[in-house]
Amino acid sequence: MKTTLSNLLIAALLLLGYTAMAQGTQTIRGIITDAQSNTPVPGATIIVMGSEPLIGTTTDYDGAYKLENVPVGRVTLQISFLGYENITLTNLELNSAKELVLDVPLVEQVNRMDEVVVSGTPDKDKPLNDMATVSARTLSMTEANKYSGTRSDPSRMAQNFAGVSGASDDRNDIIIRGNSPTGVLWRLEGIDIPSPNHFGTLGTTGGPVTMLNTNNLKNSDFLTGAFPAEYGNATAGVFDLRLRNGNNEKYEFLGQIGFNGFELGAEGPFSKKSKASFIFNYRYSTLGLLSAVGIDFGTGAAIPQYQDITFKINAPTKKLGQFTIFGVGGISYIEFLDSESGEEDFYSNQGEDSRAGSDMGVLGLTHNYFYKNEASGRVILAVSGWNTAFNADSLSIIDGSPTRTDELEFTQLKYTAGYQYNQKLNAKNLIKAGVQFDVFDLRLTNEQLVAENTYFLVQDYNGIAPLLQSFVQWQHRFTDKVTLNSGIHHQHFFLNNTWIVEPRINLRYQFKERQSVSIGAGLHSQMQPLQSYFVETNYTDGSTALTNEDLDFVRSNQLVLGYDNLIGKNFRFKAEVYGQYLTNAGIERMPSTVSLLNEGAGFGIEPFDSLVNNGRGYNYGLELTLEKFFGQGYYFLTTASIFNSQYEGSDEVWRSTKFNSNYVFNILGGKEFKIKSRHTIGFDTKIAVAGGQRYTPIDLDASRLAGGAVYDFSRTFEERHSTYFRWDFKLTYTFQGKRATQKFSVDLQNLTGRQNVFSEEYNTRTGDLETIYQIGFFPDVQYRILF
């Protein structure tokens with residue numbers, strides 16, 4: 001082992017010396033398009049600000065541009081075209097090993113005045129979707145990858161934004177404004193996808209490790225409420241992710257080692273004559289691989305085994321439009337064997353052996369075609385799959401022999417077909433419309449032991465559940481300062497023929513050059529967690545029935561008021577207040593505290609039966625953001641979220657939801673120091689403070705009598721863990737060689753070793769309560785090379 005490490009160190013030093021010969025230059029290129037019609041803008045001017053001599057060019061007939069021999073480092077571009085708002089892109093990172101490909105949309109002016117130049121602001125304060133007016137922002141992969149403590153996970157990156165809480169180290173669930181994470185819609189390349197996380201479960205949207213690879217993602221939109229009509233079947237938020245295209249002119253490669261795994265990536269053109277490109281990335285679990293070569297981590301069988309791939313093929317044509325094929329997939333498996341370790345941790349239970357695995361994959365095809373008169377259409381075809389398997393054995397306290405207590409396997413295939421049409425009528429008016437048809441093909445099996453050799457059939461379903469969605473939305477720009485976005489979303493669930501029409505409206509008024517106010521309102525609905533429709537009710541005569549099959553959509557009426565102020569060159573202050581009223585939530589018929597509004601932050605959805613749509617809830621709060629976009633070598637982001645989240649079960653008592661932590665504060669920032677021309681050192685840090693998570697207390701006396709945990713449901717979510725606090729600090733070193741860029745980082749997570757509470761459990765061996773803590777001090781070391 002020591003010899004292998006020595007050889008790797010020598011190889012790295014040789015490569016470092018080889019690439020240190022000279023400071024490199026690099027190419028910046030891309031396509032400039034009209035933001036509304038997505039059509040190319042020929043003749044636009046692109047210049048590198050501060051370059052001597054001046055480096056600049058103009059776009060060709062296809063809107064393409066190319067800037068060659070640009071010195072590596074931080075660069076700023078200005079893009080302009082007569083009749084459009086200028087755009088300034090600041091502090092772009094240009095490295096020696098990889099071309100920078102930037103596709104930039106320009107916004108046409110409503111009131112054209114040839115003698116007036118309208119100065120644009122950096123696009124970092126605006127979402128990519130121009131129909132999103134409130135509660136939306138762009139997640140810049142370049143800047144977010146700087147954030148300390150994120151483990152290169154887009155979900156954990158988003159947890160730094162206002163309105164989002166995720167005060168748990170074990171999972172990356174996105175809790176928005178007190179809503180369940182099941183209310184979040186994941187979208188990739190315009191296609192709705194299952195949860196892109198390893199060790200996830202059907203119906204949830206989070207997991208311990210992401211399948212998404214930030215090396216393949218480009219800037220994406222994150223929406224936290226009152227979102228446009230094109231998004232449906234979601235009540236909490238939307239993560240609209242986009243994969244970048246591979247380089248269609250030269251081959252580029254990537255290697256990376258870190259917490260998420262060992263990674264290899266490649267991209268390039270299919271041929272020199274074609275503009276088609278590919279990008280591919282493969283990753284294998286770091287702990288799984290090291291365990292396979294004999295390294296013992298002292299965790300017994302509890303070694304997370306996972307691997308995933310991400311790819312995209314982009315094929316533009318001259319006459320037939322643009323074709324894209326993409327895919328994301330992963331498999332994962334882990335065992336928790338108390339028979340081997342005898343120790344309790346995050347996921348294992350005393351006296352139990354359990355095994356869990358999950359597989360997810362999505363394969364999509366899109367075809368974009370540009371018609372005449374600034375219109376375009378998009379065809380969407382996709383198939384996705386999800387499989388969750390879990391089993392558990394109870395161990396005899398006498399001889400340790402196992403008895404199977406749980407056996408679960410959920411499989412979902414989803415077939416998607418859709419079409420979207422985009423028509424720019426003029427500089428003032430834009431219309432978008434679309435339709436999407438999903439067919440869920442389900443195979444659900446769930447059995448639990450209720451008595452000796454007697455199993456209770458919880459779920460046993462084999463069939464389909466189609467969902468039809470459609471939308472139309474209209475953008476009207478009264479002036480360059482006032483924009484109205486309105487639309488209607490419709491969805492129809494054919495399993496029980498429930499349907500709904502949801503109106504949405506947003507208005508933005510820029511009353512000063514750098515200040516604006518906005519308002520957004522709308523109705524949003526979502527299916528109940530899909531497996532909840534197929535829970536079996538077992539009657540005393542031996543018969544069963546699907547008593548949840550007729551459940552309607554849960555509904556969320558939302559109102560958001562916002563104020564935005566761009567202070568100075570790279571500073572921004574944003575404030576939003578909001579209110580949400582939820583109806584039609586699934587609750588039990590008989591008086592209880594149960595509500596599906598509290599499901600989704602664990603490894604599964606509780607199989608409640610005999611549910612009705614009488615549940616209610618509400619959320620309201622205030623969110624503040626003060627940030628400085630990266631510039632002059634540093635950035636910072638501070639967010640404050642104060643909120644209240646309540647629900648009502650069938651006992652008609654209003655109480656806090658499971659996700660009502662009441663407050664979240666984040667302070668993060670970083671500074672980059674350039675040493676000579678090739679070396680850069682960066683320091684990044686983050687401090688997170690959040691209200692303790694809600695929980696239902698255990699009745700200790702009743703638990704001792706029962707020999708297992710008995711919860712006091714009369715006090716559901718009344719108790720809360722202590723305040724969550726975590727301080728992370730990251731050090732990054734970057735070396736720009738002639739043909740390779742190397743980056744080494746050490747992210748010291750939970751630097752103070754704070755013992756944040758994970759849960760309170762009943763110990764069957766001691767008969768007492770004990771506290772399980774989250775991850776303590778954890779160093780995340782990563783090395784990446786681009787060449």
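Highest mean first, what order results for 487-498, 526-537 on Cβ atoms within 10 Å?
Working: 487-498: 18.0, 526-537: 21.3.
Top of the packing list down: 526-537, 487-498.
Could you please tell me the mean projected area of the C-alpha convex hull for the range 668-786, averaged over all directions and given in square nanometres to one decimal? Kindly include the intermediate steps, with their values, before the conclusion.
Details: hull surface 40.4 nm².
Computing the convex hull of the Cα atoms and averaging its projections yields 10.1 nm².
Cβ under 10 Å from L700's Cβ, L700 left aside: what net charge do those residues give with Lys, Arg +1 and Asp, Glu -1? Show your work: numbers first, answer last.
On the way: positive: R704; negative: D699, D701, D712, D768.
Within the 10 Å Cβ shell, the charges total -3.
What nm value, rounded to one decimal, do you get for the distance between Y421 and A702 when each label is placed 7 Å out toward the C-beta?
For Y421 paired with A702, the spin-label model returns 5.9 nm.
Pairs of Cα atoms under 8 Å, at least six residues apart: use those to get the relative contact order of the chain, whole percent.
Numbers: 2268 pairs, mean separation 86.3, N = 787.
Taking the mean separation of contacting Cα pairs over the length of the chain, I get 11 percent.
Before rounding to the nearest 500, sum -39500 (n - 2.57) across all DSSP H runs of length at least 4 in the chain and divide by the residue total; then give [θ] at 222 nm in deg cm²/dmol. Intermediate results must be reported in sequence, preceding the final value.
Working: 6 runs with 45 residues, N = 787.
Mean residue ellipticity at 222 nm (helix-derived): -1500 deg cm²/dmol.
With every protein chain present, what is the per residue accessible area of the chain (1.4 Å probe, Å²)?
Numbers: 32870 Å² over 787 residues.
About 42 Å² of surface per residue is accessible.
For the range 223-339, what size does the Cα cloud have along each of its three principal axes, sorted from largest down, in whole Å?
Here the spans come out as 64, 44, 18 Å, largest first.
Summing +1 for each Lys or Arg and -1 for each Asp or Glu, what net charge is found among the other residues whose Cβ lies under 14 Å from the Cβ of Y421?
Working: positive: K372, R378, K424, K432; negative: E230, E374.
So the surrounding residues net to +2.
Round to a whole number: what % of the accessible area of the chain belongs to carbon and sulfur, probe 1.4 Å? Please list the in-between numbers first.
Values: 19280 of 32870 Å².
The value for the chain is 59 percent carbon and sulfur by accessible area.
Note down the Stokes-Einstein diffusion coefficient of the chain in µm²/s, whole number, using a Kirkwood radius over alpha carbon pairs, 10 °C, and 1.306 mPa s. Could you put the intermediate results ahead of the total?
Numbers: Rh = 27.8 Å.
Answer, rounded: 57 µm²/s.
Charges on Cβ only, +1 for Lys and Arg, -1 for Asp and Glu, centred on the Cα centroid of the chain; of V362, Q256, H524, which one is farthest towards the dipole's positive end?
Result: Q256.
For each pair in K98/K730; K319/K424; K126/K414; K428/K512; K98/K671, compute the distance between the two Cα atoms and list the pairs where it is over 28 Å. Before the final figure, lay out the partial values.
Numbers: K98/K730 24 Å; K319/K424 21 Å; K126/K414 33 Å; K428/K512 20 Å; K98/K671 23 Å.
Pairs exceeding 28 Å: K126/K414.
Provide Rg and Dmax in Å for the range 483-607, with only Cα atoms included in the calculation.
So, for the range 483-607, Rg and Dmax equal 20.8, 73 Å respectively.
With a ≥ b ≥ c the root eigenvalues of the C-alpha gyration tensor of the range 229-295, is it rounded (a/c under 1.5), prolate (a/b larger than b/c) or oblate? Mind dumping the intermediate values first?
Values: a/c = 3.95, a/b = 1.09, b/c = 3.64.
Because a/c hits 1.5 or more and a/b fails to exceed b/c, the range 229-295 counts as oblate.
In debye, nearest 20: dipole of the chain around its Cα centre with unit charges on the Cβ of K, R (+) and D, E (-)? List each step's numbers first, then the result.
Values: 67 positive and 84 negative charges, 923 e Å.
Magnitude of the dipole: close to 4440 debye.
Through the Karplus equation 6.51 cos²θ - 1.76 cosθ + 1.60, θ set to phi - 60°, convert the phi angles of the range 315-329 into ³J(HN,Hα) values in whole Hz; use x for Gly and Pro.
Residue by residue, the range 315-329 yields 10, x, 10, 6, 10, 9, x, 10, 10, 9, 10, 9, x, 9, x Hz.
If the limit is 25 Å between Cα atoms, which of K66/K312; K312/K674; K569/K674 go over it?
Details: K66/K312 23 Å; K312/K674 34 Å; K569/K674 22 Å.
The pairs that break the limit, which is 25 Å between Cα atoms, are K312/K674.
Thinking of the range 459-527 as a set of Cα atoms, what percent of all their pairs are more than 15 Å apart?
Details: 1496 of 2346 pairs.
Counting pairs separated by more than 15 Å, the tail of P(r) holds 64 percent.
Got a sec? Charge dipole of the chain, +1 on Cβ for Lys and Arg, -1 for Asp and Glu; which of G682, I567, N111 is way out at the positive end?
Going by the charge dipole, the pick is N111.
Karplus couplings for the range 449-460 from phi (6.51 cos²θ - 1.76 cosθ + 1.60, θ = phi - 60°), rounded to Hz, Gly and Pro as x?
For the range 449-460, the Karplus curve yields 6, 10, 7, 4, 6, 10, 10, 9, 7, 7, 9, 7 Hz.
Distances longer than 18 Å among the Cα atoms of the range 598-700: what percent of all pairs is that?
Details: 3519 of 5253 pairs.
For the range 598-700, the fraction of Cα-Cα distances above 18 Å is 67 percent.
Could you tell me the calculated FRET efficiency between A451 and E652, based on Cβ-Cβ distance and R0 = 41 angstrom, to the nearest 0.05?
The pair A451/E652 has a calculated efficiency of 0.75.
Calculate the length of the line joining the C-alpha centroid of the range 267-294 to that of the range 437-503, in whole Å.
For the range 267-294 versus the range 437-503, the Cα centre distance is 34 Å.
Provide the three semi-axes, in whole Å and in decreasing order, of the ellipsoid equivalent to the range 17-99 as defined by the square roots of 5 times the Cα gyration tensor eigenvalues.
On the way: eigenvalues 144, 33, 23 Å².
Taking √(5λ) for each eigenvalue gives 27, 13, 11 Å, largest first.
With charges set only on the Cβ (+1 for Lys and Arg, -1 for Asp and Glu), what does the dipole of the range 620-663 come to about its Cα centre, in debye to the nearest 20?
Numbers: 3 positive and 5 negative charges, 50 e Å.
Taking the Cα centre of the range 620-663 as origin, the dipole is about 240 debye.
Placing +1 on the Cβ of each Lys and Arg and -1 on the Cβ of each Asp and Glu in the chain, which of N233, T405, A276 has its Cα farthest towards the positive end of the resulting dipole?
Most positive-ward Cα: A276.
Counting only other residues whose beta carbon sits under 15 Å from that of K372, what net charge do I get with K and R as +1, D and E as -1? Mind dumping the intermediate values first?
Working: positive: K319, K424; negative: D34, E374.
Within the 15 Å Cβ shell, the charges total 0.
Which order do the peptides 736-746, 267-277 take when ranked by the mean count of other beta-carbon atoms within 10 Å per residue, highest first? Show your work: numbers first, answer last.
Details: 736-746: 19.5, 267-277: 15.1.
Ranking the peptides 736-746, 267-277 by packing returns 736-746, 267-277.
Once phi is turned into ³J(HN,Hα) by the Karplus curve 6.51 cos²θ - 1.76 cosθ + 1.60 with θ = phi - 60°, what whole-Hz value does each residue of the range 182-199 show in order, with x for glycine and proline?
Per-residue couplings from phi come out as 5, x, 8, 9, 8, 10, 10, 6, x, 10, 5, 10, x, 4, x, 9, 6, 6 Hz.
If you take the alpha carbon radius of gyration of the range 382-528 and divide it by 2.2 N^0.38 Å, what ratio comes out, to two decimals?
Working: Rg = 24.8 Å, N = 147, 2.2 N^0.38 = 14.7 Å.
For the range 382-528, the normalised Cα radius of gyration is 1.69.
Tell me, what are the semi-axes, in whole angstrom and largest first, of the equivalent ellipsoid of the range 135-177 as set by the roots of 5 times the Cα gyration tensor eigenvalues? Walk me through the numbers before you get to the answer.
Details: eigenvalues 49, 41, 9 Å².
Sorted largest first and rounded, they come to 16, 14, 7 Å.
So what is the relative contact order for the range 365-404, in percent, with contacts set as C-alpha pairs under 8 Å and at least six apart? Write out the running numbers ahead of the final one.
Details: 33 pairs, mean separation 10.2, N = 40.
Here the relative contact order equals 25 percent.
Compute the relative contact order of the range 377-486 as a whole-number percentage, counting only Cα pairs closer than 8 Å that sit 6 or more residues apart in sequence. Write out the running numbers ahead of the final one.
On the way: 247 pairs, mean separation 24.9, N = 110.
Relative contact order for the range 377-486 comes out at 23 percent.
The values are calculated or read from the model by the stated rules, or taken from the named source; none is laboratory data. Only a predicted model underlies this, so the values are computations on that prediction, with no experimental measurement involved. Cβ coordinates were reconstructed from backbone atoms using ideal geometry, including for glycine residues, and neighbour counts include every protein chain displayed. The accessibility values were calculated without ligands, DNA or RNA, using every heavy atom of the protein model including side chains. Shrake-Rupley method; radii C 1.70, N 1.55, O 1.52, S 1.80 Å.
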